[in-house]
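A short worksheet on the structure shown next.
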Amino acid sequence: MTEAPTPLWEVFVRSRNGLAHKHAGSVHAADAQMALQAARDVYTRRGEGLSVWVVPSNAITASDPADREMLFEPTGSKIYRHPTFYEVPDEVGHM
Amino acid sequence: MYTQALNTKETVTAAEDPAREARFQARIDAEDRIEPNDWMPEAYRRTLVRQISQHAHSEIIGMQPEGNWITRAPSLRRKAALLAKVQDEGGHGLYLYAAAETLGVSREEVTDQLLSGRAKYSSIFNYPTLTWADIGTIGWLVDGAAIMNQIPLCRCSYGPYARAMIRICREESFHQRQGYEIMVTLANGTPEQKEMAQDALNRWWWPSLMMFGPPDTASQHSDKSMQWKIKRFSNDELRQKFIDATVPQARHIGLTMPDPDMRFNEATGHWEHGPIDWEEFKRVIAGGGPCNRQRLTHRNKVHAEGAWVREAALAFAEKERARTQQKAA
Ligand SMILES: [Fe+2]
Ligand SMILES: [Fe+2]
């Protein structure tokens, strides 16, 4: 039996107003509306959310873990991007 | 546990890339989590796919023995709780399938492995639920055993599996408590009710102990799984924790474990059990349990009956897509 595969969606849930949506998991659904319904049933059975986003999984472009050093290492040496790099006279107090 | 069949032997292939594998192991040793696109040894991926999908299948098949009693629950309160519990188990299956899919298998593939009987699921779900007390016993013992096994899995080295387990563990506590509450009620009820509770305990106790898998002396899979921090405790360690936790719970409500050899060892502080019938375990895993056929037949039947729904939903989605495209043109 060869059935057509049902598309995969990534689910993001906002648990409280004031917080960003956070990745919760994924669901399979034929279309966006059914994906939302499934996401609600699967990921918010105990008041975990006030808002749900579903995104087709194949619409996400992800960085390659192999590029991790190239992408993220350079910031390691840029300590002048942090406030603690700068000297402020003690008498001035908290800044 | 829900993945007992992993305890069968598998030929370990030679390291594909020793240097890479050493770096991988160093990350694991440093308690770093492995994420889906990270490099991983093929055997690690394979072990996880099998373990996670077997775990998912167990959740899904596990809906059947309890679903059997939804329409016959003795009160609306019990019915609502059981319905919510069975729905949770369906949810657990779905979180886990999603985690397995991050390793490069499709939902269709793993579903097909279950339907065709090639994949295993926990032996415990091949026993019948004969009375209402079985529902109490399952929540108390089967979910209780599952919790013992699943809490350490929340720290599993594979990120998506660990995250799914955290979500599951948060939901399991209710399952166990509602089960024990049923047992408390029956044990404090009429003599017939108490007898029913004891009878269910008699039938489920040994299969519950088998959920943890073969004794450490016979388990061939644990070493690698321990080294990879997929598993953090051995079968026997988890089984012992479970026994130590549940024996006092049974005694508290005047029920007795059906084990004449059960005794408390003052020196070790542990409850010691009599011999487990591993022949029965092997038989049930191999398909010879009381309900193996029924469980799989039912799963196949409902899957086939749902085919037109999946087809119709996809056809509708396709039609909508064509319509939007036309409007845009
Ligand atoms: Fe579960
Ligand atoms: Fe459960």
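The values are calculated or read from the model by the stated rules, or taken from the named source; none is laboratory data. Bear in mind the structure is a predicted one, so any value in this text is a computation, not a measurement. As a convention, Cβ positions derive from the backbone with ideal geometry for all residues, glycine included, and neighbour counts pool all protein chains shown. Please note that ligands, DNA and RNA were not included when accessible areas were found on the heavy atoms of the full protein model with its side chains. Shrake-Rupley method; radii C 1.70, N 1.55, O 1.52, S 1.80 Å.
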Open item on the list: Under 10 Å, Cα contacts only: if you run a Gaussian network model on chain A, which one of A:84, A:44, A:75 comes out with the highest mean-square fluctuation?
Closed with: A:84
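Note down the relative contact order for chain B as a percent, whole number, built from C-alpha pairs under 8 angstrom at least six residues apart.
Reported relative contact order: 21 percent.
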Task: Residue among B:313, A:70, A:92 farthest towards the positive dipole end of the protein assembly as shown, charges placed on Cβ - done: B:313
Task: Angle in degrees between helix A:32-43 and the longest Cα principal axis of chain A, rounded to the nearest 10 - done: 70
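Please arrange A:90, B:143 by accessible surface area, largest first, computed with a 1.4 Å probe and ligands excluded.
A:90, B:143
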Open item on the list: Per DSSP helix of 4 or more residues, -39500 (n - 2.57); summed, then divided by the residues of the protein assembly as shown. What does that give at 222 nm, rounded to the nearest 500?
Closed with: -17000 deg cm²/dmol
Task: Loss of accessible area when B meets A, both sides summed, Å² nearest 100, probe 1.4 Å - done: 1800
Task: Per residue, in Å², the accessible surface of the protein assembly as shown once ligands and nucleic acids are set aside, probe 1.4 Å - done: 53
- [ ] Enter the accessible area of residue A:85 (Å², nearest 10), with the probe set to 1.4 Å and all protein chains included.
- [x] 100
- [ ] In Å³ and rounded to a whole number, note down the convex hull volume per residue for the Cα atoms of region A:8-62.
- [x] 70
Open item on the list: Give me the dipole magnitude in Debye, nearest 20, for chain B about the Cα centre, with unit charges on the beta carbon: positive for Lys and Arg, negative for Asp and Glu.
Closed with: 980
- [ ] Give the whole-number value, in cubic angstrom per residue, of the convex hull volume spanned by the C-alpha atoms of region B:139-215.
- [x] 77
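Relative contact order for region A:8-62: what percent, with Cα pairs under 8 Å and sequence separation of 6 or more?
Across region A:8-62, relative contact order equals 46 percent.
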- [ ] Heavy atoms only, probe 1.4 Å: what % of the accessible area of chain A goes to carbon and sulfur, would you let me know?
- [x] 57
- [ ] Quote the relative contact order of region B:21-101 in percent (integer), defining contacts as alpha-carbon pairs under 8 Å separated by 6+ residues.
- [x] 35
Open item on the list: Which residue fluctuates most in the GNM of chain B (Cα springs below 10 Å): B:179, B:269, B:136?
Closed with: B:269
TODO: Would you mind pulling out the separation of the Cα centroids of region B:293-314 and region A:37-58, in Å?
DONE: 24
Open item on the list: Suppose every Lys and Arg Cβ carries +1 and every Asp and Glu Cβ carries -1, with no other charges. What dipole size does chain A come out with about its Cα centre, to the nearest 20 debye?
Closed with: 480
Task: Descending Cα extents along the principal axes, chain B, whole Å - done: 75, 52, 33
- [ ] Specify whether the C-alpha gyration tensor of the protein assembly as shown places it in the rounded, prolate or oblate class, a ≥ b ≥ c being the square roots of the eigenvalues: rounded for a/c under 1.5, otherwise prolate if a/b is larger than b/c and oblate if not.
- [x] prolate
Open item on the list: Counting only other chains, and only Cβ atoms inside 10 Å, what mean value do you get across the residues of A:25-36?
Closed with: 5
- [ ] Mind grabbing the accessible area of residue A:68 for me, 1.4 Å probe, Å², rounded to tens?
- [x] 120
TODO: Just name one of B:41, B:242, B:274: the one whose Cα is farthest towards the positive end of the charge dipole of chain B (beta-carbon charges, Lys/Arg +1, Asp/Glu -1).
DONE: B:41
